[in-house]
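The values are calculated or read from the model by the stated rules, or taken from the named source; none is laboratory data. Everything numeric here is computed off the predicted structure, so don't read it as measured data. Cβ sites come from the backbone with ideal geometry, for glycine too, and all protein chains shown count toward neighbours. Just so you know, the surface numbers come from the protein's heavy atoms only, side chains and all, with ligands and any DNA or RNA stripped out. Shrake-Rupley method; radii C 1.70, N 1.55, O 1.52, S 1.80 Å.
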Amino acid sequence: MNVEKLVKMANQIGLFFDAMPDRPQALHDLALHIRRSWDPGMRIDLLSHVDETAGAGLSPVVREALERHRSIL
């Protein structure tokens with residue numbers, strides 16, 4: 001899948017979770033949502049993007065969730 005589309009989708013998910021008052025829980029839930037909703041290829045492509053570009057284009061909440069909870073992805 002196109003990385004730009006994955007970034008856009010992840011940022012849309014991030015908008016919801018960024019509004020949660022409990023930041024640590026929001027980061028965990030965001031990563032868990034991606035784990036449960038995205039197929040493995042999509043997750044691999046997004047994580048490769050993070051590795052190759054330091055998460056260019058990702059919102060701060062998404063970038064932080066992916067970095068902190070990479071092991072559950």
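Table for the structure above
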| read-out | value |
| --- | --- |
| Relative contact order [Cα under 8 Å, 6+ residues apart], the chain, whole percent | 44 |
| Residue (of L6, H49, I34) at the positive-pole extreme of the chain, dipole from beta-carbon charges | I34 |
| Distance histogram in 10 Å bins (all Cα pairs of the chain, percent per bin) | 22, 62, 16, 0 |
| Point-charge dipole on Cβ atoms (K/R +1, D/E -1) for the chain, about Cα centre, debye to 20 | 120 |
| Choice from P21, P40, P60 showing the highest fluctuation, given a GNM over the chain with Cα pairs closer than 10 Å | P21 |
| Solvent exposure of the chain as accessible area per residue, Å², 1.4 Å probe | 59 |
| Net charge of neighbours whose Cβ lies under 15 Å from the Cβ of I34, counting Lys and Arg as +1 and Asp and Glu as -1 | +2 |
